[in-house]
Each structure stands twice: as C-alpha cells, then as structure tokens.
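Step one of this worksheet: look at the structure below.
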Amino acid sequence: MIQRLAAASLLALALTQPAHAAGATETAVLSGGCFWGVEAVFEHVKGVQDVVSGYSGGAAQTAHYEIVSTGRTGHAESVRVTFDPAQISYAQLLKVFFSVAHDPTELNRQGPDEGTQYRSAIFYASEAQKKTAEATIASLGASGAFSRPIVTQVVPLQAFYPAEAYHQDYLAHHPTQPYIVFNDLPKLAALQRDFPNLYR
C-alpha cells in the first residue's frame, strides 16, 4: 500500500512538472481588467518572451475594442503570455497574476473599469493548465490571502484575438498618462518589490 501511494505521488509530481524540450515555449491567456497594466506586468517577468494584448471569450467578428467595450460580446480584455517553461513555470505566472497584476476578488471590474469585459479569468489551453489554475485558487482561498472570495473564472480557451496596434505596449508608449500613473505603474512597483528574482 505504501509503495502504491509513493508511486502515485511520483506520478502526480511528474504530471505537474513535465519535462520541456530546449527552446520550447508555452502560452498563457489571462484576463484581469484593462490589458494595458496586465501586459506591462508580464513584460517585466523573467522567462516571458512575448506579451500581446487582445480579446478572448467571444466571437471573431466582435473582437474589436469599440464593440468589446459595450460589455455585450462575451469577450474579456486579455493578454497572451508566451513564456519559456524552463525559466518560469505556469504556476509562477499565476502567482504574479493573482498577487500584483490584478485583484481577483473584484467581480466584473478592476479599479475604475466596470463591465464583464474587465472580469478576472484564466483561459486554459490544456488540462494541466486547468488543474494548476484550480489548485492555485484553492490554495489561495485556503490560505486566507484575500479577505474576500476569489471570483476568477477558469474556462477553456477557444480563441485569442490580438487587439488593435495602438493598445500594444501601451504603458511603454504612454508612461505619464494619468490612468497609467495611478493604476498601472503601482503594479510594476509591486512586481519589483514582491518578486525581485523574477523582475527584469
């Protein structure tokens, strides 16, 4: 019986820590309010190779900012994070997502932005990502890290549609805009303070 449990534990460990081929990348699609700040946070995380702002959760024909902004498309403002799993794990990305990229206890809003397009969501691309997301949420909930319940949705990724060009790298191009200064620069400061080993 003990040997069977040990074997099961080793199998579980192997499933949660897969081997990665050299140079292989993975993607994570995450939604946590306005994509400007979420994109900026992950662009400063070691092991992340590319971050694109966009839309997920709705149809291709409605994946346009003016339409998504109505809150009636099913889309959420999202970011697609391409990362090297040999340098940073999906679980570590989620830790950053929950800790500094947004507030996972706010339902259909983030800060000054309201509507379903600003909801907290994880769009998983595999069963492994789903299990990691659910385990992370369960762990955070049990730890009492937040005073309110986590409302983050964990849903399958159907598609990701890149946003318009003027939304890409928005913080880098507009670092002094009041919205950025008050809502997004503090996230970068928190990333540098709370995750110094991951900050670049």
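Worth a mention:
- Here the simple spin-label model places points 7 Å from the Cα toward Cβ, and for THR25 and GLN49 these points are separated by 0.4 nm.
- Relative exposure of ILE180, ILE122, judged by other C-beta atoms within 10 Å (fewest first): ILE180, ILE122
- When only the Cβ of Lys, Arg, Asp and Glu is charged (+1, +1, -1, -1), the dipole of the chain relative to its Cα centre reaches about 620 debye.
- Rounded to the nearest Hz, the phi-derived 3J(HN,Hα) couplings of segment 74-90 under the Karplus curve 6.51 cos²θ - 1.76 cosθ + 1.60 (θ = phi - 60°) are x, 6, 10, 4, 9, 10, 9, 9, 9, 9, 9, x, 6, 9, 8, 8, 4, where x marks glycine and proline.
- Counted over segment 23-194, the DSSP beta bridges are approximately 85% antiparallel.
- Counting neighbouring Cβ atoms within 10 Å and putting the fewest first, the residues VAL155, VAL48 line up as VAL155, VAL48.
- Structure-derived Rg/Rh (Cα atoms, Kirkwood Rh) - corresponding label in (1) 0.99; (2) 0.92; (3) 1.05: (1)
- Cβ-based exposure ranking for TYR118, TYR199, in which fewest neighbours within 10 Å come first: TYR199, TYR118
Readers should treat all values here as calculations from the given coordinates under stated rules, not as data from a laboratory. Values in this document were obtained by computation on a predicted structure and should not be read as measured data. So basically every Cβ, Gly included, is an ideal-geometry build from the backbone, and we count neighbours across all protein chains shown.
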